[in-house]
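Everything on this sheet refers to the single structure shown next.
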Protein chains: 2
Amino acid sequence: MTATMLASKPIVQKFKEGIQKDVEDLKLKGTEPMLATVIAGWDGPSKAYALSKEKTCHALGINFSLNVYDHNVTEDRLLDAIATLNEDGSVHGIMLELPLPKHIDSYRVTSAIRPNKDVDGITPENRGLLLMGKLDKALLPVTPLSCLTLIESSEVDVAGKNVAIIGRGETVGLPLTVLLIKRSATVTVCHSRTKDLDDIVRHSDIVVAATGQAGLVKKSMLSAGQVVIDAGISVLPDGKITGDVENGASEVVSYLTPVPGGVGSLTVMLLLRNLFKAIGLQNGRARI
Amino acid sequence: MTATMLASKPIVQKFKEGIQKDVEDLKLKGTEPMLATVIAGWDGPSKAYALSKEKTCHALGINFSLNVYDHNVTEDRLLDAIATLNEDGSVHGIMLELPLPKHIDSYRVTSAIRPNKDVDGITPENRGLLLMGKLDKALLPVTPLSCLTLIESSEVDVAGKNVAIIGRGETVGLPLTVLLIKRSATVTVCHSRTKDLDDIVRHSDIVVAATGQAGLVKKSMLSAGQVVIDAGISVLPDGKITGDVENGASEVVSYLTPVPGGVGSLTVMLLLRNLFKAIGLQNGRARI
């Protein structure tokens, strides 16, 4: 048996069409949507991510504002930058590239983003709305949304299913846990201190791996019928990109996301969908 | 074998002593701590809860402000009341008795409480800080804190333990899930759609029941060595108060919280501890 691959490509295409329509509708109403990114340190992966977003935005007719600061930027300077973007009515979404340099209080800068422009879903207010189940009012973090979208693309109904989430990070594991519980999955959150990982994975209908440890989820733990979402990204010594799930898993499970071409490849589209949700929230369709 | 009962009484006594010391220290510095409650509808359980808090506050030298509104109060009137308490420097904690009457948008009123006075931990900001693991900056909801305190009173270390939380509500189940994951427990969240409840409970080291369904957790699911926290409260037809755990469970498990005298009896003390944390936050020991 070979797994059906849950690739992001067809979903990206569908989302693009929706976003293009949203852009046209907004422009007819006189609004030019704009995403702003703030980057401290113009090097490493942040640069590549930002340029990729810029390219996608331009292709879809969305304005893009690139705010690049030196790696030595002060916290106050970053806070000023965010305050300016908060007040600028032509900016609809603010994306702060993480991680920030070590001398910056990441929590303080993150929290300064106005919640209804927080398209990456990282402010306490948006995290709180998620935990409270106020999903219509919240801007949700995009990687958990990507995992959820890919699970749903398998057409397996998550309600009542046993889900193992491996990884309890703030970016993926914890917010996804809440999203899946709200959809009536029975969720077990596993991590480095979990004693029965094999057993828990074996008894799960859906497995989400989000640890960044290449090959942590062994083929031997998996079986037919399972949906496996690989949200891990590691770079091997030979430069190849790989996920948390061991090679060969596709020979045993029913659905599997590829790495690359799975979870990560959907996030920019979900960020842009958040941008349109943010515009709705800014136009008074919710309190914040 | 008979379970060791994890009663709240000795913990309440210890907490009282700590609080009395905090009150004295604050008064020496010229601060008279004050808790304010807001009640819409002076009847039902809210009245009893409020009067019980008033009595405890007075016994401990804490000022108490009782703000009672008619069941027909308008949303704007409640929002005004909260705005006034937010601005009043002599008020350090605001406790809104829930549930509110049906014609009130509970989310809107809840969110109006200033986060650093939100001693019940119900605002989006405090929920978000919890999900982000910023526990030092957050005012946490008291019932999950009570469950955690009782688990810890068993002296069982939760790190690496399998925990089943039965109930995914916003008041207990979800916030407790996050708290226990942060303490390195492997947590499975169960609810009405869970298909293998018996099996999950059986394989757990710690079981927390928070459904409000009397006797949902059967003695037959439980076994020696387990710590069982009963956060359910139901009133039986004969007027007796009972929990979610079937009678007789104490004959099989190792630790069990009584109902009454367990989780519920600790919450007022935890609310008052939150009041002192709130005073710290208001004095600039954190951002909010």
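The values are calculated or read from the model by the stated rules, or taken from the named source; none is laboratory data. Quick caveat: nothing in here was measured; it's all calculated off a predicted structure. Virtual Cβ from ideal backbone geometry, glycine too; neighbours counted across all protein chains shown.
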Checklist outcome for this item: Taking region A:57-113 and keeping only residues that are part of a helix (DSSP H, G or I), under 23 Å from A:Thr171 (Cβ atoms) and among the aliphatic types (A, V, I, L, M), one is left with A:Leu78, A:Leu79, A:Ala81, A:Ile82, A:Leu85, A:Val109
Item to check | Only listed residue being part of a helix (DSSP H, G or I) and facing chain B (nearest Cβ under 10 Å), chosen from A:Thr188, A:Thr149, A:Thr194, A:Thr177 | outcome: A:Thr177
Checklist entry - Out of (1) at the interface with chain B (Cβ under 7 Å from one of its Cβ atoms); (2) in a strand (DSSP E or B), the odd one out for A:Arg127 is which? => result (2)
Checklist entry - For residues in region A:3-51 being among the basic types (Lys, Arg) and under 18 Å from the mean Cα position of the chain (by Cα), which is modelled with the lowest pLDDT? => result A:Lys47
Item to check | Output for region A:113-136, where each listed residue is free of Cβ contacts under 8 Å to residues at least 60 places away in the same chain, under 17 Å from the mean Cα position of the chain (by Cα) and within 16 Å of A:Gly280 (Cα to Cα) | outcome: A:Asn126, A:Leu135
Checklist entry - Taking region A:137-157, which residues are in contact with a helix residue (DSSP H, G or I) (Cβ under 9 Å, 6 or more places away or on another chain) and not hydroxyl-bearing (Ser, Thr, Tyr)? => result A:Lys137, A:Ala138, A:Leu139, A:Leu140, A:Pro141, A:Val142, A:Pro144, A:Leu145, A:Cys147, A:Leu148, A:Leu150, A:Ile151
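Every residue, every condition in (1) free of Cβ contacts under 8 Å to residues at least 40 places away in the same chain; (2) away from chain B (no Cβ under 14 Å); (3) of a type in the set (Gly, Ala, Ser), yes or no:
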| site | (1), (2), (3) |
| --- | --- |
| A:Gln226 | yes, yes, no |
| A:Leu236 | yes, yes, no |
| A:Lys240 | yes, yes, no |
| A:Asp244 | no, yes, no |
| A:Glu251 | no, yes, no |
| A:Ser254 | no, yes, yes |
| A:Pro258 | no, yes, no |
| A:Leu281 | no, no, no |
Item to check | Residue that is modelled with the lowest pLDDT [pool: residues in region A:145-190 that are within 26 Å of A:Pro10 (Cα to Cα), out of contact with any Leu (no Cβ under 8 Å at 6 or more places or on another chain) and among the polar types (S, T, N, Q)] | outcome: A:Thr171
Checklist entry - What number of residues within region B:222-277 are surrounded by fewer than 24 Cβ atoms within 10 Å (Cβ to Cβ) and part of a strand (DSSP E or B)? => result 5
Item to check | Top-ranked residue of region B:159-168 - restricted to ones that are in a loop (DSSP other than H, G, I, E, B) and either among the charged types (D, E, K, R) or at the interface with chain A (Cβ under 10 Å from one of its Cβ atoms) (or both), ranked as nearest to B:Pro124 (Cα to Cα) | outcome: B:Arg168
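Can you find even one residue in region A:28-45 that is in contact (Cβ under 8 Å) with a residue 24 or more places away in the chain, assigned to a helix (DSSP H, G or I) and under 24 Å from A:Val91 (Cβ atoms)?
The answer is no; no qualifying residue exists.
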Next on the checklist: Within region B:121-139, does at least one residue satisfy the condition of being of a type in the set (Gly, Ala, Ser) and in contact with a Lys or Arg (Cβ under 7 Å, 6 or more places away or on another chain)?
Outcome noted: yes
Checklist entry - How many of the residues making up region B:137-170 are without any contact (Cβ under 8 Å) to a residue 40 or more places away in the chain and more than 27 Å from B:Ala3 (Cα to Cα)? => result 3
Checklist entry - Which of the residues that make up region A:101-121 are surrounded by fewer than 24 Cβ atoms within 10 Å (Cβ to Cβ) and among the aliphatic types (A, V, I, L, M)? => result A:Ile104, A:Val109, A:Ala112
Checklist entry - Does B:Ala83 satisfy the criteria of being small (Gly, Ala, Ser), more than 14 Å from every other protein chain (Cβ to nearest Cβ) and touching an Asp or Glu at 6+ places or on another chain (Cβ under 7 Å)? => result no
Checklist entry - Given (1) at pLDDT 95 or above; (2) of a type in the set (A, V, I, L, M); (3) over 13 Å from the mean Cα position of the chain (by Cα), where does B:Val142 come up short, assuming only one miss? => result (3)
Checklist entry - Is it true that A:Leu130 is at pLDDT 95 or above, in contact with a helix residue (DSSP H, G or I) (Cβ under 6 Å, 6 or more places away or on another chain) and among the hydrophobic types (A, V, I, L, M, F, W, C)? => result yes
Item to check | Residues being among the polar types (S, T, N, Q), over 17 Å from B:Gln282 (Cβ atoms) and touching a residue at least 12 places away in the same chain (Cβ under 8 Å) - total across region B:81-112 | outcome: 2
